[in-house]
Amino acid sequence: MSSQNTARPLQGRVAVITGASSGIGEATAEKLAAFGAHVYVLARRADRLADLVARIEGNSGTATAITADVTDTAAIQAAASQVVAERGGADLLLNNAGVMLPAPIEELATEQWQHQIDLNITGLMNTIGAFVTQLVKAASERGVADLINTSSIAAQNIFPNFAVYSGTKAYVTHLSRHLRVELGPKNVRVSAIEPGIVGTELQGHVTDKGAQDWLEGSRGVIEWLTPEDIADTIGFLASLPPRVNLQQVTIMPTAQQS
């Protein structure tokens, strides 16, 4: 398969996006659908997914909603089976479901620690486990497939009170580099996207007062990235010729220094 210089460079491709009910996942679903892919949007909030599918179809795209929690192995396996039954399998997977819950380690917010590990790591692995065979098969038939994982600049930089979240995202980035070595020879491109501050629902989940104040203060001096900025980047890398793999993409607000 070769990339075409048209308005719909992903025509004929089948994309699966987790965490698609808001933020980066939602924006990327709209972008990939506009580029011609059939998009499967996965999340827990059925009403948000229904609205997203209606919006995509209203803009001449095609999409299917699957209500599923990535921490539920059986639900993700069922979603993968549905994609095979309906479309023959996926050739693009965006692992985007995640949560950010910063807090000082001495607060022992163990439930928040576990929630981040369950969603950001175990949910990621559940989804990769469910779809990797489809990606390899698609790559053998089409010449390319894409596995794209949403990491964070927190995988590289140090942010006080973000230790657990940052640790989960370091896992995502390092895993992605290893999987690229395994899957690249099979024509599956693996990419880790590492955004700086993006205006999404993640900030609304934060309960730690210090982190809330830091985020609010940054908004006053930094123009945050938008979900559409990240979606544009994902659309670009998925549209590149099969020989090109952007393995690790760091996307920062211009004024953000760390």
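FYI, it's all coordinate maths here, none of it is from the lab. Keep in mind it's a predicted model, so treat the numbers as computed, not measured. Cβ placement follows ideal geometry from the backbone for every residue including glycine, while neighbour counts extend to all protein chains displayed.
Axis of helix 163-183 versus longest Cα principal axis of the chain: the two differ by about 30°, to the nearest ten degrees.
Farthest towards the positive end of the charge dipole of the chain, among the residues T200, V99, A68, is the Cα of A68, using unit charges on the Cβ of Lys, Arg, Asp and Glu. Within the chain, all pairs of alpha-carbon atoms sorted by distance into 10 Å bins from zero give the percentages 7, 32, 37, 19, 4, 0. Per-residue 3J(HN,Hα) values for segment 88-101, derived from phi via the Karplus relation 6.51 cos²θ - 1.76 cosθ + 1.60 with θ = phi - 60°, read x, x, 9, 10, 8, 10, 10, 7, 10, 5, x, 8, 10, 9 Hz in sequence order (x marks Gly and Pro). Put simply, the amide H of L93, placed in the peptide plane, has neighbours under 5 Å in V16, D146, L147, I148, leaving out anything fewer than 5 places away on its chain. Look at where the Cα atoms of segment 58-76 and of segment 179-214 average out, and the two centres are 20 Å apart.
Sequence-ordered 3J(HN,Hα) estimates for segment 219-233 from the Karplus curve with 6.51, -1.76 and 1.60 and θ = phi - 60° stand at 4, x, 10, 10, 7, 4, 5, 10, x, 5, 4, 6, 4, 4, 5 Hz, glycine and proline given as x. For the chain, the longest principal axis of the Cα atoms and the long axis of helix 23-34 meet at an angle of about 20 degrees. Using only side-chain charges placed at the Cβ, +1 for Lys and Arg and -1 for Asp and Glu, the dipole size of the chain relative to its Cα centre rounds to 1000 debye. Between the residues Q77, G220, S166, the greatest Cα displacement towards the positive end of the dipole of the chain, with unit charges on the Cβ of Lys, Arg, Asp and Glu, is found for Q77.
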